[in-house]
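Shown next, in structure tokens, is the structure this report addresses.
Nothing in this text is a laboratory measurement; each read-out follows from the coordinates by a stated rule. This is a predicted model, so every value here is computed, not measured. When we count neighbours, we look across all protein chains shown, and the Cβ atoms used for this are built from the backbone with ideal geometry, even at glycine.
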Amino acid sequence: MSTLEDLRGGLTRFWDSLAEGWRHLVAHASGALTRFHPSKPKEKGGLPKAVHGSEWGLLAADLSDDGEKVVVRLEAPGMELEDFDVAIHDGVLIVRGEKHYQNERSEGGYHVAECAYGAFERAIPLPDNVEGSHAKAKYRRGVLRIEMPKSGTKRQRIEIEAS
């Protein structure tokens, strides 16, 4: 086989691998991809004009259902409890928030700015009806955990009478 054919085969394998990785990412993480709407830089604590952080970020979530309640865990590091607004609307958990920029440097410049800052909204479809009035949320160590009891959690058998 010639060098050109080897190179062509290598490129084909590379593109196939890249396409497979992209399909896997889209299939498993597309819901976590969240758009951030950057705030305008402020004089103190705002994102420096020279830094253009990403407008897209991942807010990974786990959703579990134990038969009595639905639990959502959302990874949102670097935020404070008061930065979140959580609601349930038409069977969808809606998590809104704003991730604020915190300047940790007093001099020098950035070479890479991949973190997303600004307002965001993440919508997570729920697998079952839940009782929003009894939902509980906690934020600890960068993870927002929301527990929602299911509506009519216990199945009740209905007796059929003979007529």
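Each residue in Asp90, Asp85 was given a count of other beta-carbon atoms within 10 angstrom of its own, and listing them fewest first yields Asp90, Asp85.
Work out the FRET efficiency for Asp90 and Asp65 from their Cβ-Cβ distance, taking R0 = 22 Å, and round it to the nearest 0.05.
Once the sixth-power term is evaluated, E becomes 0.75.
Protection proxy ranking for 59-65, 145-151, using the average of other Cβ atoms within 10 Å per residue and placing the highest first: 145-151, 59-65.
Here each label is just a point 7 Å from Cα along the line to Cβ, and for Asp6 and His134 those points are 6.8 nm apart.
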